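Below: one structure, written as structure tokens.
The values are calculated or read from the model by the stated rules, or taken from the named source; none is laboratory data. The structure displayed is predicted, hence computed values, not measured ones. Positions of Cβ are backbone-derived with ideal geometry, glycine not excepted, and every protein chain shown enters the neighbour counts.
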Amino acid sequence: MGLLWAIISWIIIGAIIGLIARAIMPGKQSMGLGLTIVLGVIGAIVGGFLGGLFGGDGISGIMNNPWSIGTILLAVIGALIVMVIYGFATKGSNRV
């Protein structure tokens, strides 16, 4: 049951972080809720990695205490970085 709750919490955290990052990011992002969740989860991992580089808890901080203010801020920064990269990667694609 622990793995199921971990997956559910990552989906919830990814949705929250992704939505916060989309609200902060200027311009229109053409992505659905599923992609927002995926980018939020990846952003949380990137933020945790960056936090680890600067002497923080890193990814283990996200796993141990995902609801702390510092973890959320790092995750949002990571999600913004991921969204910028995603925006550059999909800039030339024709979306219908």
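Key figures
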| item | result |
| --- | --- |
| Members of segment 68-77 found to be more than 10 Å from residue 18 (Cα to Cα), buried (at least 21 other Cβ atoms within 10 Å of the Cβ) and not hydroxyl-bearing (Ser, Thr, Tyr), listed by number | 74 |
| Pairs, first part of a helix (DSSP H, G or I) in segment 62-76, second surrounded by fewer than 21 Cβ atoms within 10 Å (Cβ to Cβ) and modelled with pLDDT of 65 or more, C-beta under 6 Å, six or more apart | 76/20 |
| Residues of segment 12-52 classified as more than 12 Å from residue 83 (Cα to Cα) and part of a loop (DSSP other than H, G, I, E, B), total | 1 |
| Close pairs from segment 25-42: first in contact (Cβ under 8 Å) with a residue 40 or more places away in the chain, partner among the charged types (D, E, K, R), Cβ under 6 Å, at least 6 apart | 29/22; 30/95 |
